[in-house]
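Encoded as structure tokens, the structure appears first; notes follow it.
The values are calculated or read from the model by the stated rules, or taken from the named source; none is laboratory data. Given the structure is predicted, the values throughout are model-derived calculations rather than measurements. Every residue, glycine among them, receives a Cβ derived from its backbone with ideal geometry; neighbour counts consider all protein chains shown.
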Amino acid sequence: MLWKEPLANLQLRKSTRDRIHLPIRTYIMCLSDEAKIILSKCGISSTLKRGTMFDYASFLQRLDNVMLSNATERWIEMCNTIPKDGNHFISIFQNYQLIEQLLRMFMMRCKNLKELRLKKSNQLSCPADALLQLHLLPGAEVSLSALREFSFDGCMQSEILSKASEISKNIQHLQIDCVCNDNEGLAKLIRAQQKPLLGLSIESMTLNIPNIKNALKNKVNSLTSLSINRIFSLDIFSNCSNLETLIIMHRERFIENLMERFVNSKFPKLRELQLQIDHPYLYQISTLIKNTNENLTSIYLNWVVPEDTKNILLLFSTITTHCPNLTEYLGTFANDFIPYLPLFFEKCSKLEYFYVYDDNSTFYDLSNVMKLIANVIPKRLKMMWLSESWMCNVEALNVFLEGCEKRLCEPLLFFICNRTNQHIDLIRRYVVKNVLTANSYIID
């Protein structure tokens, strides 16, 4: 199991990241004698001539070219294959040779590769950038035929993606970054897929991508997850009635009708909604929420200045009345709606996480509101993180915490920014009572 994605497993944990190079030793031992000779000739000491009991390379199911490059570079450094007086070019050359031999081995031996990530590195001289044409390597027609997930840059050479379309036809999850042109190879890859597309994440740098939009049009109705970074078109996603997760990020202002048809469509299975739109139309967000059949469990909203601030109460009243299954609310919360917070908590009785931040809001004293919340605080609430511009007096905080003691099933992580020593003493007392978590006291 560990050898299905060994580099990712080590990268995942902070405590093991400095050991990301360790699997490289085993992979080198799996190389053919011919490949080991090539590495030896370029200065990588061949101390790993013996083979392995198992063909560990054949177990690989997830391949990430940038992560592989980082691991091989680290291995070369740790094994001191570069003379102390060696120059930087030698290390780049050795890393290139090592990566190439490993990729050739993976293409020949991996028969069950499920996930591929081909990305340009942020480093100026990353050897992996020169080895993006995996689909041209011997054995790729077999090893890459079973891919289910493919992550890559949309500006990758059209020829590379065209070749990929001839081999990888069973992809169900696409993550496409940096779509800066109407890449015909990308459009061809999308059209070639024979299984339902379940997940799509796309970052568009331009609105003029007709070939890509036409290719997507016939493939997206099966989507369960959609992430769009910079809106290029939403009409083609209007019939995605199986969507469970929707993420939209957009920084510039946009014309109102760009989202109109989409938000008026039905999304009865949508559970997770994340909208990071700097200048949204709040009435459109309200309409979208109303069309989710009350199934939303998670909402994340973040904006700078809405185009229709007059509809801010409409939006939050819509959330209150149309999200009875909500367990998470994160993001902006309008000061104008603070008096309705008790109603919000009463209606969203399944709420577990309430996290509000709003750097642009004015100070608000919610002492009276906190007293009312004490009677309706959701029993499963685990975190309540209030905006830095909100405050309440000690009396109101005490009433609220008494309500927590009576109603909550487990200790609450609670944060309020504007605290006096009296606030801190009160919070400490309820930490001792196990009403609040210890982190509620130490957060500052």
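Here is a check on your reading of the model: is Asn211 outside any helix (DSSP H, G or I), surrounded by 15 or more Cβ atoms within 10 Å (Cβ to Cβ) and over 19 Å from the mean Cα position of the chain (by Cα)? So Asn211 fails the test.
Results for (1) of a type in the set (A, V, I, L, M); (2) farther than 26 Å from Ser238 by Cβ, shown as yes or no for each residue.
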residue	(1), (2)
Gln284	no, no
Ile289	yes, no
Ser298	no, no
Asn311	no, no
His322	no, no
Gly331	no, no
Leu343	yes, yes
Tyr364	no, yes
Ser367	no, yes
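Test Thr320 against the stated conditions and say whether it is outside the structural domain of Gly403 (by TED's automatic domain parsing), hydroxyl-bearing (Ser, Thr, Tyr) and assigned to a loop (DSSP other than H, G, I, E, B). Against the criterion (outside the structural domain of Gly403 (by TED's automatic domain parsing), hydroxyl-bearing (Ser, Thr, Tyr) and assigned to a loop (DSSP other than H, G, I, E, B)), Thr320 does not qualify.
Within the range 259-270, the set of residues being surrounded by fewer than 16 Cβ atoms within 10 Å (Cβ to Cβ), in contact with a helix residue (DSSP H, G or I) (Cβ under 7 Å, 6 or more places away or on another chain) and farther than 16 Å from Phe232 by Cβ comprises Asn264 only.
With respect to being in a helix (DSSP H, G or I) and hydrophobic (A, V, I, L, M, F, W, C), Leu186 fits the description.
Here's the yes/no breakdown for (1) surrounded by 19 or more Cβ atoms within 10 Å (Cβ to Cβ); (2) under 15 Å from Asn65 (Cβ atoms); (3) modelled with pLDDT of 95 or more:
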site	(1), (2), (3)
Leu118	yes, yes, no
Gln123	no, yes, no
Ala130	no, yes, no
Leu134	yes, yes, no
Gly139	no, no, yes
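Candidates in the range 237-258 are the residues that are surrounded by 15 or more Cβ atoms within 10 Å (Cβ to Cβ) and at pLDDT below 95; of these, the one that is nearest to Asp308 (Cα to Cα) is Phe254.
Out of all the residues in the range 221-233, which are over 17 Å from the mean Cα position of the chain (by Cα) and either in a strand (DSSP E or B) or crowded, with 20+ Cβ neighbours inside 10 Å (or both)? The one that is over 17 Å from the mean Cα position of the chain (by Cα) and either in a strand (DSSP E or B) or crowded, with 20+ Cβ neighbours inside 10 Å (or both): Phe232. Restricted to the range 345-440, the set of helices (runs of 4 or more DSSP H) holding at least 2 residues that are touching a Phe, Trp or Tyr at 6+ places or on another chain (Cβ under 9 Å) and more than 25 Å from Leu326 (Cα to Cα) comprises 421-432.
Residues considered: Cys178, Cys240. Of these, the only one that is on the phi > 0 side of the Ramachandran plot, among the hydrophobic types (A, V, I, L, M, F, W, C) and in contact (Cβ under 8 Å) with a residue 24 or more places away in the chain is Cys178.
Entry remark, the range 314-330: residues being under 14 Å from Leu282 (Cα atoms) and surrounded by fewer than 18 Cβ atoms within 10 Å (Cβ to Cβ) number 2 in total.
Restricting the range 429-441 to residues that are surrounded by 14 or more Cβ atoms within 10 Å (Cβ to Cβ) and at pLDDT 95 or above, the residue that is nearest to the chain's Cα centre (by Cα) is Thr437. Of all the listed residues (Phe363, Phe400, Phe333), the sole one being crowded, with 17+ Cβ neighbours inside 10 Å and out of contact with any Lys or Arg (no Cβ under 8 Å at 6 or more places or on another chain) is Phe333.
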